[in-house]
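Each reported figure results from applying straightforward, stated rules to the coordinates on display, with no laboratory input. Quick caveat: nothing in here was measured; it's all calculated off a predicted structure. Glycine also receives a Cβ, built like all others from the backbone with ideal geometry; neighbour counts cover every protein chain displayed.
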Amino acid sequence: MLRSKLITGMLCFGFFQLNANTLLPFTDIQLSLSSFICIVADLQTSDVLSESTPTLFAESSPKSNLDTQLNWLVLFVIVLLSVLCLALLFICFKYNRRLSGYERLLHENGISQKFSSGNKNLSESEKTMILNNVSDMVLFLSPENQVVWANSHFLKAFGRTPEEVSGKPIRELIPAFSELSAVSDMAERQKAGTLYHEYFVPDIQRVYKATVNPVFNSQSQIEGYVKTMTDITLQKHIENQLLKAKEQAEESDNLKSAFLANMSHEIRTPMNAIIGFAELLEIPDLSDEERKEYLRIIRSNGQHLMMLISDILVFSQIETGQLQIARTSLRIKPLLDEVFSQFGEEVRRRSNDKVKLRMVTDFANGDEIYTDGMRLRQILYNLLTNAIKFTEKGTITIGCKGTQNQFIFFVKDTGIGIPADKKQIIFRRFEQVDNGSERKRAGTGLGLSICRELVYLMGGRIWVNSTECKGSTFLFKLPG
């Protein structure tokens with residue numbers, strides 16, 4: 001009876017081991033363990049009852065003691081083996097979970113099974129996929145400079161299909177592209193190695209930098225070329241801007257140096273005249289005519305110095321953005337009469353009656369304008385000063401033609417004129433037609449620049465019509 005129960009217990013234990021070897025889920029393991037414990041407990045209880053009932057009031061025999069000890073020994077061994085199996089199951093379960101985590105991590109990182117097994121050779125489709133995802137354009141060219149293959153970036157950039165580019169010379173696909181190199185001989189190409197080119201494609205307004213590398217076979221013969229093209233349009237744009245900024249900075253620095261040199265001369269000349277003729281006035285036996293002439297020279301140079309300082313102050317206000325336009329309603333005809341009377345005598349005196357000043361006006365709907373009168377006078381003063389400076393004989397005409405909506409002012413002279421290539425630069429600051437060290441006529445190069453800025457601030461525009469050796473006409477338009 002005892003043996004049959006022990007056999008039954010061992011079979012249950014074997015079933016439990018079978019569950020452990022097949023790595024059942026943890027809930028199944030608990031169920032098998034519970035069943036086994038119940039069977040062992042039933043076995044032990046039945047043995048104890050069967051042995052103890054007939055001898056309840058009798059003394060224990062040696063045989064019964066031996067059977068009891070054997071039962072406990074078997075139970076101990078079974079429990080020990082159960083604990084060992086549970087420990088083994090726990091270790092296998094944890095190892096299985098960790099192994100599953102590693103496999104999932106490898107899968108998430110895109111490592112294929114062949115790489116993990118040691119096979120690292122790429123298939124043709126994988127190579128094509130990699131080249132199609134490169135940001136640069138990649139082309140395979142034959143030794144005759146024909147396209148064998150092009151990646152998707154090249155096809156997309158130039159709107160081509162693989163069928164359209166295959167076997168075609170690249171210069172036919174994109175006319176802006178030239179040959180691989182100016183070297184046509186194959187042997188010389190082979191010696192050249194890596195070649196670099198920059199291409200401009202006008203159809204799409206892009207600039208590309210191309211790198212060409214020859215491909216050799218086992219006999220060191222050229223099988224073709226690998227050409228990579230990188231879009232450097234933005235880089236070229238930044239380089240051009242930096243180059244222009246550098247040139248402008250150097251030009252501005254040179255012009256400022258020339259301006260400072262001219263300014264010292266422009267200020268020193270009237271100051272020397274003022275100081276020199278003021279000293280001559282101290283001579284006691286001067287005639288009245290001489291005294292009047294000296295005073296006139298002092299007054300004229302003082303006015304010139306005042307206009308020079310005024311131009312410098314206005315220029316600094318324009319540069320710092322502090323110049324304000326104060327618009328008021330005024331009539332143009334009285335303002336032109338005032339300017340005409342102020343410059344009439346100066347024109348006659350400086351030209352020795354060789355230049356005549358005239359005034360022309362034509363107002364269709366009145367001469368009233370809403371603008372800054374002081375700045376308008378300053379513009380006319382600068383234009384007339386230039387006309388007097390560059391006109392040795394003939395006429396200088398100041399005038400205005402206007403309608404209700406706009407007025408066009410002009411100063412016309414019969415002077416030396418302006419070369420065609422200098423018509424734009426004369427309105428730049430510090431620029432003059434003659435910027436050489438031996439200039440025949442004085443000036444700071446600020447007058448026309450100030451006129452342009454003032455006209456712009458007053459809502460108008462200024463331009464010049466000129467023919468070299470025949471004269472110039474400066475015009476500016478202001479809103480009514």
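Please report the relative contact order for region 232-339, taking Cα pairs under 8 Å with a sequence separation of at least 6, and give it as a percent rounded to a whole number. Write down the numbers at each step before the final one.
Numbers: 28 pairs, mean separation 23.8, N = 108.
For region 232-339, the relative contact order is 22 percent.
Gain in length, Gln221 to Trp149, computed as 0.36 nm per residue apart minus the alpha-carbon separation, to one decimal in nm?
23.9 nm
Please say if region 440-480 is rounded, prolate or oblate, where rounded means a/c under 1.5 for a ≥ b ≥ c the square roots of the C-alpha gyration tensor eigenvalues, and otherwise the choice is prolate for a/b larger than b/c and oblate otherwise?
Working: a/c = 4.21, a/b = 1.43, b/c = 2.96.
Oblate, because a/c is 1.5 or more while a/b does not exceed b/c.
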Based only on other Cβ atoms within 10 Å, what is the fewest-to-most ordering of Trp72, Trp463?
Trp72, Trp463
Kindly put Tyr95, Tyr225 in sequence by how many other C-beta atoms sit within 10 Å of each C-beta, fewest to most.
Tyr95, Tyr225
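Can you give me the relative contact order of region 324-479 as a percent, contacts being Cα pairs under 8 Å and 6 or more apart? Could the numbers behind the result be given before it?
On the way: 281 pairs, mean separation 36.5, N = 156.
About 23 percent, as a whole number.
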Under-15-angstrom lysine pairs by C-alpha in region 324-479, whenever the two are 8 or more apart or on separate chains
16
Between Glu293 and Phe200, what is the label-point separation in nm under the 7 Å Cα-to-beta-carbon projection?
6.4 nm
Assuming R0 = 56 Å, what is the FRET efficiency of Leu122 and Arg428, from their Cβ-Cβ distance, to the nearest 0.05?
0.35
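I'd like the FRET efficiency for Asp337 and Lys470, computed as 1/(1 + (r/R0)^6) with the beta carbon distance as r and R0 of 35 Å, rounded to 0.05.
My answer for the efficiency is 0.75.
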Beta bridges per DSSP with both ends in region 324-479, % antiparallel, nearest 5:
75 percent
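Using only C-alpha positions, report the orientation-averaged shadow area of the convex hull of region 324-479, nm², one decimal. Don't skip to the answer; put the middle values down first.
Details: hull surface 35.8 nm².
Reported value for the Cα convex hull: 8.9 nm².
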Computed FRET value (nearest 0.05) for Met307 with Lys246, which takes r as the C-beta separation and R₀ as 41 Å
0.70
Kindly put Phe90, Phe154, Phe410 in sequence by how many other C-beta atoms sit within 10 Å of each C-beta, fewest to most.
Phe90, Phe410, Phe154
